[in-house]
1. Expected output is a single nm value to one decimal: the length gained when fully extending between Ala85 and Ala51, i.e. 0.36 nm times separation in residues minus the C-alpha distance. What is it?
2. Between Glu109 and Thr27, with labels modelled 7 Å along Cα→Cβ, what's the label distance in nm to one decimal, could you check?
3. Assuming a viscosity of 1.002 mPa s and a temperature of 20 °C, what translational diffusion coefficient in µm² per second does Stokes-Einstein assign to region 30-143, Rh being the Kirkwood radius over Cα pairs?
4. For the chain, what is the mean residue ellipticity at 222 nm derived from helices alone (per DSSP H run of n ≥ 4: -39500 (n - 2.57); sum divided by total residues; nearest 500 deg cm²/dmol)?
5. Quick check on region 14-118: of the DSSP beta bridges with both residues there, what percent are antiparallel, nearest 5%?
6. Once you place label points 7 Å from the Cα toward the Cβ at Lys39 and Leu135, how far apart are they in nm?
7. Just want to confirm a number: the relative contact order over the chain, from Cα pairs under 8 angstrom separated by 6+ residues, in percent.
8. State, to one decimal in nm, how far the label point of Asp61 lies from the label point of Tyr12, with both points 7 Å from Cα in the Cβ direction.
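Where a number appears in this text, it was derived from the coordinates with a stated rule and is not lab data. Just so it is clear, the structure is predicted and the values come from calculations on it, not from any experiment. Note that we place each Cβ from the backbone using ideal geometry, even for glycine, and neighbour counts take in every protein chain shown.
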Amino acid sequence: MEGDLNKFSPEYPVYYFFYGTLTAPATLQRIIDLSEVPKMRKAKLIGYALAKWGDYPMLIDGKSGQEISGYAYIARTEEEAQKLAHYETNAYKKAHCLIYFVDNEEPAEAPGKTFVYAGDANALLEQRFDRKLWLHQMAGKLV
């Protein structure tokens, strides 16, 4: 989570960084109902790590300088962003990040958003029951 996050991007358009299933253009196209294959840029985040939750990669805080490779896409509307959040489920939460592009195009970096693990990262890494995530997912269902 390195970089100057004080220069948050305006709400829309805004870059989203993907590191899992949404790095496949056809999947992204289907999820946000695009008529054309989306233009994505090779990118990375610094200061994050990936952990596994079943078959799914989860982005968590990492060590200083640690890099995660992926792709970035410009979400143009709130509707696109809502579709992305719905797809990612409440096991993830949206977070601000600084995206570094590795494709030799401009801009070389940009503030953006990504989806990080919504639970207890230590529980995830230790592969034990995550009460924080369970409560987050069950919110409103336990009434």
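1. Extending this stretch completely gives an extra 10.3 nm.
2. Inter-label distance under the simple model: 2.7 nm.
3. Value of D from the Cα-based Kirkwood radius: 137 µm²/s.
4. -6000 deg cm²/dmol
5. 90
6. 4.5
7. Once divided by the residue count of the chain, the mean separation gives 28 percent.
8. The answer from the label model is 3.2 nm.
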